[in-house]
Amino acid sequence: MSLMGFKGRSQSFAWEHEHQLSIEPEVLMTKEIQHTDSWDHAERERDIRQGIDLATTLERIEKNFVITDPRLPDNPIIFASDSFLELTEYTREEILGKNCRFLQGPETDQGTVSMIRDAIREQRDITVQLINYTKSGKKFWNLFHLQPMRDQRGELQYFIGVQLDGSDHLEPLRNRLSKNTEEQSAKLVKTTAENVDEAVRELPDANLRPEDLWALHSQSVLPKRGQKSTPIQ
């Protein structure tokens, strides 16, 4: 079942708690939250607040990134940063529960796409350069880093995908970033992925599952006006 299939029941759960917690219904977007007798009201309040705190922590990173869940069909997006939304011109409602292939277009190199798919299948890191497209069809040169996130047992949980817009730094003859820029940018996207990984690992060990907490992070908002996406310096 896709993430978006849980939307209705998640919003219903938010409605039940809007007076006690002052949380907008759109905070709960994509996952069903189990309502059981063993999970009392105090625990629900605590876990919801912790989920929102984690969303706030992730947004402080202020980089272009998404988090996907390979355990679900088609490895859908379960979290997208505000900076990613601004870069790509999409809203969260348009991309949550979808695979990242919507960024591809006529000039996207399919050989590079195949490399990314291989890395996903083999559950390993990869950093590549490729042309992607915004919602309006504008091309941008994407330095993309993919990194798996594993639990304490070493089992795959999520993928972190970090994007860096290098459109203003291409070498015309090579149609690539300069070697120096590429090396510096690769370090930046890898650091960003590590920061995201560290923030996600702060998930509380409580009755609310990590999968459920993602519903609290996936707030339905438009890209913020005036907020700049992270370019390559």
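Data table
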quantity	calculated
From GLY97, GLY105, residue being over 23 Å from ARG124 (Cβ atoms), outside any helix (DSSP H, G or I), within 11 Å of the chain's Cα centre (by Cα) and modelled with pLDDT of 90 or more	GLY97
Looking only at the stretch 70-79, and only at residues there that are in contact with a strand residue (DSSP E or B) (Cβ under 7 Å, 6 or more places away or on another chain) and either at positive phi or at pLDDT below 90 (or both), the one that is surrounded by the fewest Cβ atoms within 10 Å (Cβ to Cβ)	ASN75
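The values are calculated or read from the model by the stated rules, or taken from the named source; none is laboratory data. Here the structure is a predicted model, which means the values were calculated and not measured. With ideal geometry, Cβ positions are generated from the backbone for all residues, glycine too; neighbour counts draw on all protein chains shown.
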